Amino acid sequence: MLGTGLLVFREVLEAALIVSIVCAATRGVVGRGRWVGSGIGAGVLGAILVAAFANVIAAAISGIGQELFNASILLAAVLMIAWHAIWMASHGKELSAQMKSVGSAVQAGSRPLSALLIVVAVAVLREGSEVVLFLYGQAASGAGAAALAGGIALGVIGGVAVGFALYFGLLGIPLRYFFSATNWLMLLLAAGLASQAAGFLIQADLLPALGNRIWDTSALLSNASLMGKTMHTLIGYDAQPAGMQILFYAVTATAIALGMKLWGNPAAPRRHAKAAAAN
Amino acid sequence: MRTIIICDVIKSSTLAVLTFVAALAAGGVRAAEVQATLSIRDHKFEPAELTVPAGAKIKLSIENHDATPEEFESHELNREKIVVGNGTITVFIGPLEAGRYPFFGDFHQETAQGVLVAQ
């Protein structure tokens, strides 16, 4: 049961960390629970489907289906985060001001919450499909239902608890800086996911590694440790990154930061005018 | 506003696609590959220690002779891939510097441990 619980915990933790950041970024939005909930639901459903067709995916495209699938959904999540981050850059101050003056929830308006639904779904699907395959193997090897259920419960409760801790920790950020802070967190998250996608494409031999191990900080913080795993999920920390991963990371981070600058700031005067007119 | 958002998406997508294509083009030049094979039986790797040449790109096949799925994973090699029951996967590795690179089966870590030795 403990072994099962530990594996489930590690996978749930990774998904929960991403969901927590999304929840923080959508703080105060009316109906965001529905969006996040739908994302989790879609992710769980997708995880079961992916696990059920794991052999089909693995065999597809001369054996690199798994890598292509993982890279594609990761890059889709990257695009969705980019879209949302850039949108937020041009609306974040407005949101903070609204929340401060009304002191309560704001309408989502044209905010791309569907983008975040996809991010949540991708996170849950990726980790969830591993859990489903693992549990299937355990059950097939004759593990008792009670031991499995106990392990799942332990793992899910543990993972979700850490997710909540991160969420409430983030809520401690002063409202003035809150949305720019969560936006930067989303930027790092996207860069990390892009680096993971590059890793899969290297593994499938679709991209050159551009240096297998540009540096090695595993003695400092190993990816095998819980902290290493957490940092890997949150900001894309990799103790031994390939050159191509660093390139993907840097390009993604730069592109989103540029997008936030280009489309974020110039709209500011218009927004203030609009806000003034509304008052 | 909606148009602006759509523009954002198109611009970021275009950038991502361009990066991807450029990277693919760069990947055209390839080093010679060395084949290597690992088996999984009773949640153990055979051989548990596999020697491969250093400095060469390795095409590693992993054959799972168990009925249950396994995940081949290695932090040192920066690789992870699921292999279904009675399935085979291929993972590209290296070129590696001489050294020892541990790997494990994520679903059966108590028994599924091995190491790739590059020399």
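Just to verify a number: FRET efficiency for A:Ala52 and A:Ala97, C-beta to C-beta distance, R0 = 51 Å, to 0.05? Please list the in-between numbers first.
Details: r = 48 Å, r/R0 = 0.94.
Efficiency at R0 = 51 Å is approximately 0.60.
How large is the dipole of the protein assembly as shown about the Cα centre if only Lys and Arg carry +1 and Asp and Glu carry -1, each at its Cβ, rounded to the nearest 20 debye? Show your work: numbers first, answer last.
Numbers: 25 positive and 24 negative charges, 443 e Å.
Charge dipole, the protein assembly as shown, about its Cα centre: 2120 debye, nearest 20.
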Which whole number gives the average, over all residues in A:224-236, of C-beta atoms from other chains lying within 10 Å of the residue C-beta?
-> 1
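Checking the a/c ratio against 1.5 first, then a/b against b/c, what shape does the Cα gyration tensor give for the range A:139-271? Don't jump to the answer; show the numbers that get you there.
Values: a/c = 2.33, a/b = 1.26, b/c = 1.85.
Note, shape of the range A:139-271 comes out oblate.
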How far apart, in nm, are the 7 Å Cα→Cβ label points at B:Val117 and A:Ser72?
-> 4.1 nm
Heads up, the range A:34-74 by the C-alpha gyration tensor (a ≥ b ≥ c square roots of eigenvalues; a/c under 1.5 rounded, else a/b over b/c prolate, else oblate) looks oblate
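Is the C-alpha gyration tensor of the protein assembly as shown telling us rounded, prolate or oblate? Criteria: a/c under 1.5 is rounded; beyond that, a/b larger than b/c is prolate, otherwise oblate.
Working: a/c = 2.29, a/b = 1.56, b/c = 1.46.
In terms of gyration-tensor shape, prolate.
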Quick one: among A:Ala47, A:Ala204, A:Ala224, which has the greatest mean-square fluctuation in a GNM of chain A with alpha-carbon springs under 10 angstrom?
-> A:Ala224
What is the calculated FRET efficiency for A:Arg176 to A:Thr254, with r their C-beta to C-beta distance and R₀ = 25 Å, to the nearest 0.05?
-> 0.45
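Give me the percent relative contact order of the range A:2-263, please, defined on Cα pairs under 8 angstrom at least 6 residues apart. If you can, show how the numbers build up before the last one.
Numbers: 373 pairs, mean separation 85.5, N = 262.
The normalised contact order for the range A:2-263 reaches 33 percent.
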For peptide B:71-82, how many partner chain Cβ atoms fall within 10 Å of a residue's Cβ, on average?
-> 6
Average beta-carbon neighbours from other chains, 10 Å sphere, peptide A:200-208 | 6
Which of A:Ile40, A:Phe53, B:Gly114, positive extreme of dipole for the protein assembly as shown (C-beta unit charges) = A:Ile40
Rounded to 10°, Cα long-axis angle of helix A:243-264 versus longest principal axis of chain A = 20 degrees
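Counting only pairs 8 or more places apart or on different chains, how many lysine pairs in the protein assembly as shown have C-alpha atoms closer than 15 Å?
Numbers: A:Lys93/A:Lys261; A:Lys93/A:Lys274; A:Lys261/B:Lys11; B:Lys59/B:Lys81.
Count of close lysine pairs: 4.
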Whole-Å distance, taken between Cα centres, linking the range B:96-119 and the range A:225-242 | 19 Å
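Readers should treat all values here as calculations from the given coordinates under stated rules, not as data from a laboratory. Being a predicted model, the structure only gives us computed values, none of them experimental. Please note: Cβ atoms are built from the backbone with ideal geometry, for glycine as well, and neighbour counts cover all protein chains shown.
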